[in-house]
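Some notes on the structure that comes next.
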Amino acid sequence: MARTAPATFTAEHFRCFYDHADPLLRRLDRQAAKSRIPTVGPAMGKLLFVLARAARARRVLELGTSIGYSTIWLARSVAPSGGNVVSLEWDPKTAGEALRNMAEAGVSKYVKVETGDAKKWLEAHRRGPKFDLAFNDIDKEMYPPTRDPLVRLVRPGGRLVFDNTAFRSAGDFLKVSARHPDLETVHLHCFLPGHAPDLDAVTPCVKRGRAQASAGSLTQEQPPPSKAPAPRIRRRDVLSIRRQ
Ligand SMILES: C[S@@+](CC[C@H](N)C(=O)[O-])C[C@H]1O[C@@H](n2cnc3c(N)ncnc32)[C@H](O)[C@@H]1O
């Protein structure tokens, strides 16, 4: 007899799709959940890995190291090509913990953690070499002021990824980024534990430039966005995820 899909999926149902084979990442996942450290988690970690590999990224910049969970995913994506990740964290104690975790993961030689404020770092390095991929995961109110300095540091055709872009604290980030003259952007409104799609999103982008010149700009050919207020997505309209 054909099996029918369950009416509602549990969070466990989704979690089982992600790779938990790595004991260190599994331990960091557990530690983050217990200590309420906001790491990206296995789905976003794998997404970063896949995007970096797809872009053949060798130089990666990360804003917001925390304990190094996402940094390990990024370092593993660039390791086979001998690339590297520069990761910025303003809390020295947290940066120290990240360095220990990276040593345990065997990726230290691919990562440089810099301690300090990301915005100041971006200003100080504005004329530095360009990156193939940048990932932003610092405090969300810093997304609007760090967006353009970050875009400038990515090569044409390079990728940018912003996490938690629908958080209220990210201000007008969604609206401005969707029409940014230098970016092809997609906001993926998604399910994270405790969030509905109207409350969270991940935003991957490609930086426009020579690499895309022959394809033209998709976004610029679109009609201007409607002035009507966006419809409110209600929680009961979307797939419900039962808390474990
Ligand atoms: C959400 S956590 C990053 C999680 C990490 N990407 C992961 O998945 O493992 C954000 C981190 O960014 C740091 N941070 C926040 N604002 C910052 C800033 N302006 N400059 C540098 N680091 C910042 C915080 O101390 C925190 O450790």
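Checking the structure you have, find out if any residue of the range 169-177 is in a helix (DSSP H, G or I), touching a helix residue (DSSP H, G or I) at 6+ places or on another chain (Cβ under 9 Å) and among the charged types (D, E, K, R). Show your work before the answer.
Narrowing the range 169-177 to residues in a helix (DSSP H, G or I): 169-170, 173-177.
Those left that are additionally touching a helix residue (DSSP H, G or I) at 6+ places or on another chain (Cβ under 9 Å): 169-170, 173, 176-177.
Still in the running and among the charged types (D, E, K, R): none.
Checking the range 169-177: not a single residue is in a helix (DSSP H, G or I), touching a helix residue (DSSP H, G or I) at 6+ places or on another chain (Cβ under 9 Å) and among the charged types (D, E, K, R).
Annotation: PRO181 fulfils all but one of (1) away from the ligand (no atom under 16 Å from the Cβ); (2) modelled with pLDDT of 95 or more; (3) crowded, with 18+ Cβ neighbours inside 10 Å; (4) in a loop (DSSP other than H, G, I, E, B); the unmet one is (3).
When LYS93 is tested against (1) surrounded by fewer than 21 Cβ atoms within 10 Å (Cβ to Cβ); (2) under 18 Å from the mean Cα position of the chain (by Cα), exactly one condition is not met: (2).
Looking at the range 125-135, is at least one residue in a helix (DSSP H, G or I) and surrounded by fewer than 14 Cβ atoms within 10 Å (Cβ to Cβ)? Please lay out each step first, then the result.
Just the residues of the range 125-135 that are in a helix (DSSP H, G or I), to begin with: none.
Taking every residue of the range 125-135 in turn, none turns out to be in a helix (DSSP H, G or I) and surrounded by fewer than 14 Cβ atoms within 10 Å (Cβ to Cβ).
Out of ARG53, ARG76, ARG100, ARG27, I need the residue that is at pLDDT below 95 and part of a helix (DSSP H, G or I). Which one? Before you say what the answer is, go through the steps one by one.
Working: ARG53 fails: at pLDDT below 95; ARG76 fails: at pLDDT below 95; ARG100 fails: at pLDDT below 95.
Among ARG53, ARG76, ARG100, ARG27, only ARG27 is at pLDDT below 95 and part of a helix (DSSP H, G or I).
Looking at SER81, SER66, which one is polar (S, T, N, Q), within 8 Å of the ligand (Cβ to nearest atom) and touching a residue at least 12 places away in the same chain (Cβ under 8 Å)? Before the answer, list the steps.
Details: SER81 fails: within 8 Å of the ligand (Cβ to nearest atom).
It is SER66.
Taken over the range 79-97, the criterion of being in contact with a strand residue (DSSP E or B) (Cβ under 6 Å, 6 or more places away or on another chain) and in a helix (DSSP H, G or I) is satisfied by PRO92, ALA95. Take the residues in the range 136-145 that are surrounded by fewer than 21 Cβ atoms within 10 Å (Cβ to Cβ) and either part of a helix (DSSP H, G or I) or more than 15 Å from the chain's Cα centre (by Cα) (or both); name whichever of them is farthest from the ligand (Cβ to nearest atom). My answer is PRO144. Entry remark, the range 45-61: residues being closer than 11 Å to PHE135 by Cα and either polar (S, T, N, Q) or touching an Asp or Glu at 6+ places or on another chain (Cβ under 7 Å) (or both) number 1 in total.
Which residue is nearest to the ligand (Cβ to nearest atom), if the candidates are limited to the range 14-57 and must be basic (Lys, Arg) and farther than 23 Å from GLY158 by Cβ?
Filtering first and then ranking leaves ARG36.
The values are calculated or read from the model by the stated rules, or taken from the named source; none is laboratory data. This structure is a prediction, so every number in the text was calculated from the model and none was measured. Cβ atoms come from the backbone with ideal geometry, glycine included; neighbour counts cover every protein chain shown.
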